[in-house]
Amino acid sequence: MLALNIGIIFSALGSAVVLAYTRETVSTIPRIGFGSSLTAPEEEQTLEGVDIEPALNFLLVGVDSIGNLPPDHPLRFTRDLTTLTDTMIVLRVEPETGDAHAISIPRDLWVPIAEPVGYESKINGALALGGQVGRETLVTTVQDFLQIPIHRYLEVDFNGFLGLVREIGGVEVFVEFPLRDPKAQFLVEQTGCVTLTPDQALGYVRSRTLEALVDGGWRVIDGRGDLGRIDRQQDFLVVALKQAFQAGLTNPSTLKGIIDNVVTQEYLTLDDVTTPNDLVDLAQEFSSFDADELNRLTLPVVLDTVGEASVVRLVEGEAQDELAIFRGESDTSRAFRIVIRNGNGEGGLAQQVQFALEVHGFRVQDTSNADNFLYERTIVRHDPSQVDSAIELERWLAAGAIIESRADDAGRPVEIIVGADWDGVLNEPRALATPTEVPVATPSTTSSDQVSGQPVPTAAPTPTPSPTPIPAATIRGCG
């Protein structure tokens, strides 16, 4: 949703007049101060006489605020004035290579919310603090939990999205079956190539339980909630971007309509660090960018419940390769989260361990006391998907550790309980042990088969009837 705004505002600008007009108008976007919450990007470098712009991570936030909607809009009768994050995308742009990556953050992701909250909750609740405090808390929470820097912030509300789709004349998509989601106020009764209205487009990207009319009855074709919605948002993003450029966004009148009716209407909010020149320079760097080249990623998560609330938890061991892209790293071996528990009672031990590990690039999320101080051996506990992470951590511990696997992937950090055998952290890790060869089991045979040497006859498999085709849960562009 937000990347669509960026793609349009940053589209190829056709003349010096349009450039000047854009600079002047972008300067009117409402700004919000972030203090020290945002991470400063790396310094610009010069290589062989060529200036190399640093990579930037934008936190793009779509909020479900109804404050700017018309008085008679249906959403005003179904939502209150509380502002939550409806969509979160981290967009990384790398001017040096022309690459762009976008990773979606589920709004139901269970995380430790940064101060002043200081307790665990769904990540979309951080913004509910309101104003500058809410936005700073959201940025800090994303940075602390995912361990990725956020350099810039851009926010859009419902009316900004509606106005944007309106200015590009709607979005044309192919619809295989009639689709609906009553809760999201989404209904498309036509099939074939259909131009979604602004309200239909908003309903589609907000849908959490999508239904299709198949054989005369409505059936759920995607009940994955937030995870299904992320897939639809990313597909819609690419379709809309391609059509927006094809519709002539380099046309000054089209661009002027977007600027006048979206940018200047206080539907967008930008950080106070980014300047109009920054945006225009970035636009020129990516003026020929093809929406199909956007690398779309989603955080690996598992479903869970906290009390009566449905949440998702990060699968730590599977997320590091994706997150490394947004850290600008190639080595992900020590990028996982760690919590340290003092299990032997020595004063300040957990903080000492934290410092020793962070010197070598490990990422410590929290320190505290263990359930008791009677641990003789240090223990490293991990989820099933974090085996490699646990082994990597143990290799750096001078006295080694007992490695224990927890029952399931619950999205928790790797845990180290520091026992009485603690002897510090090595300057270099121990070499990996050679894995034990495990013989491959062969199918067993009966004694008569062994005597005869004949193969065991097998019955032909019973054909399984083909299931009724399920309509696709995402839409695609026409043509």
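The values are calculated or read from the model by the stated rules, or taken from the named source; none is laboratory data. What you are looking at is a predicted structure, and each value in this text was computed from that prediction instead of being measured. In this analysis, Cβ positions are derived from the backbone assuming ideal geometry, glycine residues included, and neighbour counts consider all displayed protein chains. Ligands, DNA and RNA are excluded from the accessible area calculation, which covers all protein heavy atoms including side chains. Shrake-Rupley method; radii C 1.70, N 1.55, O 1.52, S 1.80 Å.
Could you tell me whether Arg224 is modelled with pLDDT of 80 or more, surrounded by fewer than 18 Cβ atoms within 10 Å (Cβ to Cβ), not hydrophobic (A, V, I, L, M, F, W, C) and not in a helix (DSSP H, G or I)?
Judged against the criteria, Arg224 is a match.
Under 8 Å between Cβ atoms, at least 6 apart or on separate chains: pull out the pairs that start in the range 170-181 with a residue that is under 14 Å from Thr197 (Cβ atoms) and of a type in the set (Phe, Trp, Tyr) and end on any residue that is open to solvent by less than 10 Å² (accessible area, probe 1.4 Å) and not in a strand (DSSP E or B).
Close Cβ pairs satisfying both conditions: none exist.
Test Gln243 against the stated conditions and say whether it is modelled with pLDDT of 80 or more and open to solvent by less than 60 Å² (accessible area, probe 1.4 Å). Outline the logic, then answer.
Values: modelled with pLDDT of 80 or more: no; open to solvent by less than 60 Å² (accessible area, probe 1.4 Å): yes.
Here the answer is no, as Gln243 does not meet what is asked.
Within the range 314-365, count every residue that is β-branched (Val, Ile, Thr) and in contact with a Leu (Cβ under 9 Å, 6 or more places away or on another chain).
6
Using beta carbons and a limit of 6 Å, which pairs, at least six apart or on different chains, have the first residue in the range 155-168 and under 15 Å from Leu270 (Cα atoms) and among the hydrophobic types (A, V, I, L, M, F, W, C) and the second one in a helix (DSSP H, G or I) and open to solvent by less than 10 Å² (accessible area, probe 1.4 Å)?
Val156/Leu2; Val156/Asn5
For the range 347-368: of the residues being in contact (Cβ under 8 Å) with a residue 12 or more places away in the chain and exposed (fewer than 14 other Cβ atoms within 10 Å of the Cβ), which is farthest from the chain's Cα centre (by Cα)? If you could, list the steps in order and put the result at the bottom.
So in the range 347-368, the residues in contact (Cβ under 8 Å) with a residue 12 or more places away in the chain come out as 349-351, 353-354, 356-357, 359-368.
From the residues that got through so far, the ones that are exposed (fewer than 14 other Cβ atoms within 10 Å of the Cβ) too are 351, 359-361, 368.
Working: Gln351: 30, Val359: 28, His360: 27, Gly361: 23, Ser368: 29 Å.
By that ranking, first place goes to Gln351.
For the range 194-221, name all the residues that are among the hydrophobic types (A, V, I, L, M, F, W, C) and in a helix (DSSP H, G or I).
Once the filter is applied, which keeps residues that are among the hydrophobic types (A, V, I, L, M, F, W, C) and in a helix (DSSP H, G or I), the range 194-221 yields Ala201, Leu202, Val205.
Would you tally the residues in the range 308-322 being within 13 Å of Val414 (Cβ to Cβ) and loosely packed, with under 12 Cβ neighbours inside 10 Å?
The qualifying residues number 0.
Report yes if Arg232 is open to solvent by less than 20 Å² (accessible area, probe 1.4 Å) and among the basic types (Lys, Arg), otherwise no.
For Arg232, the condition - open to solvent by less than 20 Å² (accessible area, probe 1.4 Å) and among the basic types (Lys, Arg) - is met.
Within the range 171-194, can you find the residues that are crowded, with 23+ Cβ neighbours inside 10 Å and out of contact with any Cys (no Cβ under 8 Å at 6 or more places or on another chain)?
Val171, Leu179, listed by residue number.
So is Ile168 open to solvent by 20 Å² or more (accessible area, probe 1.4 Å), touching a helix residue (DSSP H, G or I) at 6+ places or on another chain (Cβ under 6 Å) and among the aliphatic types (A, V, I, L, M) or not?
yes
Every residue in the range 145-164 that is assigned to a helix (DSSP H, G or I) and open to solvent by less than 10 Å² (accessible area, probe 1.4 Å), please.
Leu146, Phe158, Gly160, Phe161, Leu162, Gly163, Leu164
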